[in-house]
Amino acid sequence: MKRTATLVFLLCLLIKTEVVLAQNEQVFADSISFVDFLKAQGEIPGLNYRLIDSSGKIISTALAPEVGGIVDYSQALAIQDSVLNRGSVESTLEFLVYNESSSFEASQEYVSNLLRNGDIVVNTPDSVNRKDLISLANKERYSPLLSGPYSYIGDYKIFAVISTITLFFVFAFAMIFFMVLYKARRNRKEKLVASYDEQIVGPLSEILFEKSLEELESLSNEELYLSFPENQLKKPIYMQVLVGRILALNKKMKGDFKLKLKALYKRLDLDKLSIEKLKSTKWDRIVTGMVEVNEMDYTEALVWVKKHVNSPNFHIRSQAVATLLNLSENIDLTFLRDQSFPLSRWQQMNYLRIIKHLHSTRNLHLGNLFDSENQSIRLFGYKLVRVIGRVDLLADLESKFPFTEIEDKIEIIKTFEYLGVPALSELINGSLTSENIKLASIAARAAGVIGDQSTAQLIIKILNDAPGFKLKMTLMKSLQSLNVQLYNQFIEENLSPDLQRISQHLSDPLLQDV
C-alpha cells in the first residue's frame, strides 16, 4: 500500500515538473539584460523611478516630481544626466514598486513575475535576454479551455440550450409518431366497421323478413351462429356495429319486427353486454348502456339503472331518470323526489315530454314531488300539475301553500290561474298583501281569474295605498275582470293622473293585449 502511494506521488511530481521548471526559470540572465529591457520597454505598470542625493533626499525638478515619480526608465536616465551636467549634486536612481521604495533585485523579480504571468506585452522580441516570444510561449504548459467528451455539459448555459433543443425534438417526434399511429388505428377501425356492417346487414335482413318470431326463438345456437359467427361475436368492434344496427332498425320498425329485434337482442346476449356497460366506471359507456336498455325496453336492467339516478354526472343522471320514466310500469317518482341535484331547464323539458306521453297509460304519483327537499323538483311538480291538468292534486297544493317558500307559492298560484279553478280567498288575498313584489304581482294577475268579491275590495284598498305603477296597472286590470261596476266607481272617485291613463289604456280595444 505504501509503495503504491509513493509511486502515485512520484508520477504527480513528474507530471508537474515541466510547470515547476517553467515557473522557476530566470527571465533575465543578469542585471544588464534587465536594464536593457527597461530601456526598450519604456513604461511598466506599477514600476516608477525617482532621483535621490547622497543623503537620501529626493531631488525634485520640473521633469522629476516628488510625488508619483518618473514612469519611463530611459527618461529617468536622461533626467539624471541633465542634473549631473548642471553640476548641482550627485544623484542616484531609486526604484519604486507601487510608490514604495524597492531594491534593484526586488524590482527585477517584480518585472520577471509580470512577464511570467503575461501581465505585460513585450515591445521588442529580443528584449528579454534576446529570447523571442515564441520561445517563451513554448515553455508554458498548454491547457485547452474545453477538454473531454462531456466538456460542453460543464457550462450550465450550454447544457440548458442543449437540453431544450433535445426535449423539443423528442416531443416533436413523439407527437408525429402518435399522430401517425392514431390515424393508422382510426383507418383500420373504419375499414373494420365497414366490413362488419356488410357482414351483418344480409343475415339481419334475412332473419327479420324470412323468419317468424316463433322460428327465431326456436333457433339453436348452431343455426344462429351460421348467420352471426361465434368468433365474430367475441370481437368488440363487431358487437358495436351489430348493436348499432339493431338499435337503428328498432327505431324505424313497428309491430312484429320490433319483437324480433328484441328477441334477437337477447338471443345474442347483447342484453348482458348492456348490463356490463351499466357497471362501467366510464360515464360515456354507462350512458350508452342506458340508451340501449331504453331502446330495447329491457326492463330487467332497471335495477342497475336506478343506481345511477342520483349520480353526480349530469348526463348519467339525466339518462337514468329518462330510462326509468320510459320503462317503469308504476311510476311513483320517488327516485326523482330524492335527487339532491337541481333540475336544469333541459332536464325539465325532457322529462315533461316523456311524462306527457305516458301519463294517460301510466300511474304517475306526482304528489310525491311536492314533498321533495329539492326546490327545483317541487317547482317541477307544480308545473306538471299545470301542464298535464291534474286538477285532483289542487287540494294538496292548497294545503301546502301556507308552509311553502316564496318561489313555491308563485308556481302554485300560476297553476291555479292556468287551470282556472277558483281558490280560497286566503290564498290570493294573503299573497296580494305580501311584501315580496314578485309574489304580489303574480297574485294580482291571478286575482282577475280566480279571485272573488273580497279580493276586489282588497284590490281597491291596495290601490288607495298608491303602489308601484306596474303593480297598480295589474291590480286595475284584475279589478276590471272581477267587478266592472266597482272598477268604474273607483275610477270616477279617483282623479289621479296615473289611474286615468291606466283606465284609458285598459279601455282601448287596440291595447288590450299590451
Original post:
If you plug each phi of the stretch 248-253 into the Karplus form 6.51 cos²θ - 1.76 cosθ + 1.60 with θ = phi - 60°, what whole-Hz ³J(HN,Hα) values come out, in order, with x for Gly and Pro?
Top reply: 5, 5, 5, 5, 9, 7
Subject >> Cross-link table LYS279/LYS383; LYS189/LYS279; LYS277/LYS414; LYS191/LYS272; LYS262/LYS307; LYS279/LYS400, entries beyond 32 Å C-alpha to C-alpha >> reply: LYS279/LYS383; LYS277/LYS414; LYS279/LYS400
Original post:
Name the GluC sites (Glu not before Pro) in the stretch 402-449 that are in a loop by DSSP and that have at most 16 other C-beta atoms within 10 Å, would you?
Top reply: GLU405, GLU435
Subject >> Stretchable slack from LEU93 to THR166, in nm (0.36 nm times residue separation minus alpha-carbon distance) >> reply: 19.6 nm
Original post:
Within the stretch 304-378, which trypsin sites (Lys or Arg not before Pro) sit in a loop by DSSP and count at most 16 neighbouring Cβ atoms inside 10 Å?
Top reply: ARG362
**OP:** Could you tell me whether the stretch 359-514 comes out rounded, prolate or oblate from its Cα gyration tensor? Rule is a ≥ b ≥ c as square roots of the eigenvalues, rounded for a/c under 1.5, then prolate if a/b exceeds b/c, otherwise oblate.
**Re:** prolate
Original post:
By the scheme Lys and Arg +1, Asp and Glu -1, what is the net charge of all other residues having a beta-carbon under 15 Å from that of LEU439?
Top reply: -2
Subject >> Per-residue ³J(HN,Hα) for the stretch 429-445, Karplus 6.51 cos²θ - 1.76 cosθ + 1.60, θ = phi - 60°, Hz, x for Gly and Pro >> reply: 5, x, 6, 5, 9, 5, 6, 7, 5, 5, 5, 5, 5, 5, 5, 5, 5
Original post:
What are the ³J(HN,Hα) values, in whole Hz, obtained from phi via the Karplus relation 6.51 cos²θ - 1.76 cosθ + 1.60 with θ = phi - 60°, for each residue of the stretch 254-269 in sequence order, with x given for Gly and Pro?
Top reply: 9, x, 5, 4, 5, 5, 5, 5, 5, 5, 5, 4, 7, 5, 8, 6
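Bear in mind that the values in this text are calculations on the coordinates, not laboratory data. It should be emphasised that the depicted structure is a prediction, and the values quoted were computed from it without experimental measurement. All Cβ positions, even for glycine, are placed from backbone atoms using ideal geometry, and neighbour counts span all protein chains on display.
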